[in-house]
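Each remark here refers to the structure printed beneath this line.
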Amino acid sequence: MLEEACEVCGGKVVEKTIDQAFHIKDRRVIISDLPAEVCTQCGYSIVSADVGENLDKFISNLDQTQELKTLQVPIYQYRTI
C-alpha cells in the first residue's frame, strides 16, 4: 500500500524497484529489483509486508539460490584526522 507522505520528512513517496544491500550470514549481498516505496525528497525506502515475508524466505534459502553475478568491492577503514 503506497503511503501518501514519507514518515521521515513528509516528502512524496513513489513505488519503484531498488537495489538493496544486506549483511546476511557473514556476507554482504545485494538484492536487485526489490519493490519498495521510496521518498523522492530524502530517499527513505520501505518494503511492504508481503515483500518482507518473501525476503525472509529468500534469506532462509540463500545458500541454494543462484547468484546473478558477483562483484568485488574495495573496503576502506574510516579514520579520523
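The values are calculated or read from the model by the stated rules, or taken from the named source; none is laboratory data. These figures come from a predicted structure and were not determined experimentally. A quick note on method: Cβ atoms are made from the backbone with ideal geometry, for glycine too, and the neighbour counts reach across all protein chains shown.
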Exercise. When segment 25-42 is examined, which residues are found to be more than 20 Å from Ala5 (Cα to Cα) and outside any strand (DSSP E or B)?
Worked result: Lys25, Asp26
Problem set entry | Of all residues making up segment 51-79, the number that are touching a residue at least 12 places away in the same chain (Cβ under 8 Å) and surrounded by 10 or more Cβ atoms within 10 Å (Cβ to Cβ) | 5
Problem set entry | In segment 43-69, the residues that are part of a loop (DSSP other than H, G, I, E, B), within 14 Å of Glu15 (Cα to Cα) and not hydroxyl-bearing (Ser, Thr, Tyr) | Gly43, Val47
Exercise. Which residues, taken from segment 47-81, are among the acidic types (Asp, Glu) and at pLDDT below 85?
Worked result: Asp63
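Please work out if Val73 is in contact with a Leu (Cβ under 8 Å, 6 or more places away or on another chain) and aliphatic (A, V, I, L, M). Even if it seems obvious, please write down each step before you answer.
Numbers: in contact with a Leu (Cβ under 8 Å, 6 or more places away or on another chain): no; aliphatic (A, V, I, L, M): yes.
So Val73 fails the test.
Any idea how many residues of segment 4-34 are of a type outside the set (D, E, K, R) and either at pLDDT 95 or above or touching a Lys or Arg at 6+ places or on another chain (Cβ under 8 Å) (or both)? Before the answer, list the steps.
Taking segment 4-34 first, the residues of a type outside the set (D, E, K, R) are 5-6, 8-11, 13-14, 17-18, 20-24, 29-32, 34.
Subset that is either at pLDDT 95 or above or touching a Lys or Arg at 6+ places or on another chain (Cβ under 8 Å) (or both): 5-6, 8-11, 13-14, 17-18, 21-22, 34.
Number of matching residues: 13.
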